[in-house]
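Step one of this worksheet: look at the structure below.
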Amino acid sequence: MKDIQSIENIEIVFLTMDDYDDIKKSMQEAYSNMSDAYWKRHQIQTLIDKFPEGQVGIKVDDELAGCALSIIVDYSKFDDKHTYKEITGAYTFSTHSDEGTKLYGIDVFIRPKFRGLRLGRRLYDYRKELCEKLNLKGIVFGGRIPNYHQYADTLTPRDYINSVRNKEIHDPVLDFQMSNDFHPVRVLKGYLEGDEDSQEFAVLLEWDNVYYEKQSSKVLSAKSIVRLGLVQWQMRLYQSLDELMQQAEYFIDAVSGYRSDFALFPEFFNAPLMADYNHLSEPEAIRVLAGFTEEIKNRFTELAITYNINIITGSMPEMIESDLYNVGYLCKRDGGIERFEKLHVTPDEAKVWGLQGGTSIKAFDTDCGKVGVLICYDIEFPELGRLLADEGIDILFVPFLTDTQNGYSRVRHCAQARAIENECYVAIAGSVGNLPKVHNMDIQYAQSMVFTPCDFAFPTDGVKSEATPNTEMILIADVDIDMLRQLNQLGSVRNLKDRRTDLYNVQKLGV
């Protein structure tokens, strides 16, 4: 398996004939138990010529890791008992039709060394988005059942499928398809010639496009909906870093399961690790905690790639030479990493821990648009939000840690003000519970929320979604980026456009 920590970039690309040698090699590795199981050069050329958008590869650091090949078919011309040879026009793909009704999956494969990174899920998500964009009824294909030969003497194919569905038997292909929202329709007999592992049986699998519009000739525009997953973290004692990260992965798995684009953790979520150092002074204990930051960053980077989600890590202490800072990381699902700093430290943080304020603020480009991050106290300084707005952010993330309700209220109300004045979404996430064995971290109060501007297209109170106060939970919310564009041009008030820049301006100074 590829070392996750060494990955710098993951991207989906349209295949060209320049990729053919890599495609052939990848198929030979993926189907090592099937002789001559690769598409010939003229077949790949035909697919690309007929339907270029349907032929994509996924590359890890510019190395082809896998592919997804598709055609569009008029499904009314076939019944639910077709074979692979029939649906592909005897492998010529003459059955492809731009006027077809369904996307048919010809092939998906991932090279063995890249398995475990959930790359196949990314390819299926691309197919779903393509299906929505082209306004097709859904996706259909015949799925192999490669473990069936082990049970063929005792189970019919139907019984085998039911056993897999009930988790009594593991089938790597069928389990994967069903976990990606494809539902079995029927058993296909004699589907793929030479598939001995499946005894030439397959499962007809379908995914329905809920956005399909009957007889619509309109091509749907790119989706503007971004899904946010906020983690309202329970402070509790952990025996080790592994145990703390196991809990973090649990939440990432949960929000990723809802196909969230971002996961947001709170400020100093890793503070429970200081319990073992309570015999030290507060400044000494937090500096020991800073020793975990590099490892935590690396693990979040792995999780971002594995679960295909952008992760805002909350914040952690970090030592740079002899100075202590409060920093966090944006770990992108394509392998990229961005660093952000807390610029304003509270009087308590400076007095008790000796924290220093950072010097850098910037917006970050992501696959869901530009975002910014301000850590807790920083949200109470409106200049910072305005600087990020000038860089074009759509979403502002605020990991915070507050011990009392009045401290939380400062963060909450200032965050809501930033959403209104900067015409952006603001998501805040904090910790709840208590840490009686960690000095200066005794109690926490939080209610994680997502704020919006206040105009007709948004909630009247500017609150998109809110968690239950002081309860461990996740909060999932969808935000529509296109609505921000409309607000900027057509809003009842237009805070960004109406600024009197002839009288005043906010700008960053060189540091």
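Report the full-extension gain for the segment Asp197 to Glu213: residue separation times 0.36 nm, less the Cα-Cα distance, to one decimal in nm. Could you put the intermediate results ahead of the total?
Details: separation 16, 0.36 × 16 = 5.76 nm, distance 3.93 nm.
Result for the pair: 1.8 nm of gain on full extension.
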Checking rank on 321-334, 68-81, with mean other Cβ inside 10 Å and highest first, the result is 321-334, 68-81
Over the chain, the sum of -39500 (n - 2.57) across DSSP H runs of at least four, divided by residue number and rounded to 500 deg cm²/dmol, gives at 222 nm -8000 deg cm²/dmol
Surpassing 27 Å at the alpha-carbon level, of the pairs Lys128/Lys214; Lys128/Lys362; Lys77/Lys128; Lys24/Lys77; Lys81/Lys102, are Lys128/Lys362; Lys24/Lys77
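Work through the residues other than Ile393 whose Cβ is under 12 Å from its Cβ and net out their charges, Lys, Arg +1 and Asp, Glu -1. Intermediate results must be reported in sequence, preceding the final value.
Numbers: positive: Lys362, Lys370, Arg386, Arg418; negative: Asp365, Asp390, Glu391, Asp394, Glu423.
Neighbourhood net charge equals -1.
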Lys and Arg at +1, Asp and Glu at -1: neighbours of Arg339 with Cβ under 11 Å from its Cβ sum to -1
Quick calc, segment 225-490, dipole around Cα centre from Cβ unit charges on Lys, Arg (+) and Asp, Glu (-), nearest 20 debye, gives 240 debye
Filtered hits (aspartates and glutamates, Cα-Cα < 14 Å from Lys508, offset >= 8 within chain) -> Glu383, Asp390, Glu391
per DSSP, antiparallel bridges as share of beta bridges in the chain, % nearest 5, sits at 75 percent
Simple SL model, points at 7 angstrom along Cα→Cβ for Arg485 and Ala457; separation in nm is 0.9 nm
One finds the C-alpha centres of segment 465-494 and segment 294-329 to be spaced, in Å, by 26 Å
Computed over the chain: longest principal axis from alpha-carbon atoms vs helix 41-50 long axis, angle to nearest 10 degrees, is 70 degrees
Rounded to whole angstrom, the alpha-carbon centroid of segment 69-101 lies from that of segment 358-395 at a distance of 49 Å
Taking a crude spin-label model, label points 7 Å out from Cα along the C-beta direction, the Asp79 to Asn278 distance in nm is 7.3 nm
One would report the antiparallel percent of DSSP beta bridges in segment 221-358, rounded to the nearest 5, as 60 percent
For the chain, the percent of all C-alpha pairs falling in each 10 Å bin, from 0 up to the bin holding the max distance, is 4, 17, 25, 22, 17, 11, 4, 0, 0
Treating only Lys and Arg (+1) and Asp and Glu (-1) as charged, each at its beta carbon, one finds that segment 4-208 has a dipole about its Cα centre, in Debye to the nearest 20, of 280 debye
Rounded to the nearest 10 degrees, the helix 405-422 long axis (Cα) sits at an angle to the longest Cα principal axis of the chain of 60 degrees
With the 8 Å Cα cutoff and a minimum separation of six or more residues, the chain has a relative contact order in percent of 11 percent
Magnitude of the Cβ-charge dipole (Lys and Arg +1, Asp and Glu -1) of the chain about the Cα centre, nearest 20 debye, reported as 900 debye
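Can you pull out the chymotrypsin sites (Phe, Trp or Tyr not before Pro) in segment 439-511 whose DSSP state is coil and whose Cβ has at most 13 other Cβ atoms within 10 Å?
Loop-located and lightly packed - Phe456, Tyr504.
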Looks like segment 61-145, by Cα gyration tensor root eigenvalues a ≥ b ≥ c and the a/c under 1.5 rounded cutoff (else prolate when a/b is bigger than b/c, oblate otherwise), is prolate
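State the antiparallel share, in %, of DSSP beta bridges confined to segment 225-490, rounding to the nearest 5.
Here the share of antiparallel DSSP bridges comes out near 60 percent.
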With a ≥ b ≥ c from the Cα gyration tensor eigenvalues, square-rooted, and the rule rounded for a/c under 1.5, otherwise prolate when a/b > b/c and oblate otherwise, segment 146-271 is oblate
Here the convex hull volume per residue of segment 225-490, taken over Cα atoms and given in Å³, is 109 Å³
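Rule-based calculations on the coordinates, nothing more; no lab input. Everything quoted here is computed from the prediction, not taken from an experiment. With ideal geometry, Cβ positions are generated from the backbone for all residues, glycine too; neighbour counts draw on all protein chains shown.
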